[in-house]
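Notes follow the structure.
Since every read-out is calculated from the coordinates, none of them should be taken as a lab result. All of these numbers come straight from a predicted model, not from anything done at the bench. FYI the Cβ positions are ideal-geometry reconstructions off the backbone, even for glycines, and counts take in every protein chain you see.
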Amino acid sequence: MDNINLTEDEKYMREAIRLAHLAAERDEVPVGAVAVRNGEIIASAFNTREESKCATHHAEVLAIEAACRALGGWRLPGVTLYVTMEPCVMCAGAIINSRIERVVYGARDHRFGAFGSAIDVNSAGLNHKPEILGGILGEECAEILSTYFRNKRKNKY
């Protein structure tokens, strides 16, 4: 990968990280997502499961819904989704169904990650396989999650 892409990937991941911090401030699991097409952010979101009381309100799903509205259709050609944590199976399904071209994530999710950590949906023979790039600003993304859960455990007892 050339330095230009890495710089662009870091730029958009920084925006996803900013959104993850907003989620943490609202006592949501700190995951942020940004949808980019042609060098422009077309949608962004963070987890709102606690606030909405809805299991599907992951940052990725909310960003995909907003990107569909922005582009006026359910297919998202040319879109890269930046997300601070490796998408779960539900989110991977939404990514595949919306035909997102590329996914760039920060922290790996060894318990639920669906693009290589816990399982790899791209190896399932489905009709669409997004390009996957993991680990972009991964340590920073992982630290946001670790800090959030450490604080939750500390405040629980």
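A few comments on the model shown:
- Rounded Å value of the spacing that divides the Cα centres of region 134-155 and region 40-56: 18
- DSSP beta bridges confined to the chain are antiparallel in about 55 percent of cases.
- Residues within the reach of a label modelled at Glu15 (point 7 angstrom out along Cα to beta-carbon, backbone nitrogen below 17 Å), restricted to region 46-75, are 46-47, 59-72.
- Convex hull of alpha carbon positions in region 28-107: directionally averaged projected area 4.7 nm².
- Folded to 0 to 90 degrees: helix 138-156 orientation relative to the chain principal axis, Cα: 30
- Between the labelled values [x] 1.03; [y] 0.98; [z] 1.10, the entry that holds Cα Rg over 2.2 N^0.38 Å as derived from this structure is [y].
- What the Cβ-Cβ distance of Ser52 and Trp74 gives, at R0 = 25 Å and to the nearest 0.05, is a FRET efficiency of 0.70.
- Computed from the C-beta positions of Asn97 and Ala118, the FRET efficiency with R₀ = 22 Å rounds to 0.65.
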